[in-house]
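Visitor: What follows is a single structure, and I will ask about it in a moment.
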Amino acid sequence: MTDDPAVPDRSRRFPATVSVDRQGRTHVPVPFDPDAVWGAKPRHHVAGTVAGCGVRLLESGRRQR
């Protein structure tokens with residue numbers, strides 16, 4: 001987040017259920033379209049917190065159906 005009114009605030013806060021697949025990959029579903037919020041990219045580098053712990057992840061653009 002920023003205090004600069006010229007910089008758009010593209011941060012998002014949302015509840016999510018984190019899951020781990022059989023290959024040990026962690027999945028965090030997001031309740032919005034990352035391309036619409038952060039601009040179209042093949043992948044989005046994301047940083048935030050989960051239960052107060054810092055996390056960094058790569059949003060791959062794969063959508064669950």
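The values are calculated or read from the model by the stated rules, or taken from the named source; none is laboratory data. Source: prediction; values computed, not measured. Here the Cβ is made from the backbone with ideal geometry for all residues, glycine too, and neighbour counts use every protein chain on show.
Visitor: Residue check: is Thr2 touching a strand residue (DSSP E or B) at 6+ places or on another chain (Cβ under 7 Å), among the β-branched types (Val, Ile, Thr), surrounded by 10 or more Cβ atoms within 10 Å (Cβ to Cβ) and at pLDDT below 85?
Guide: no
Visitor: Out of all the residues in the stretch 14-32, which are assigned to a loop (DSSP other than H, G, I, E, B), farther than 12 Å from Ser60 by Cα and not basic (Lys, Arg)?
Guide: Phe14, Pro15, Ala16, Thr17, Val18, Asp21, Gln23, Gly24, Pro31, Phe32
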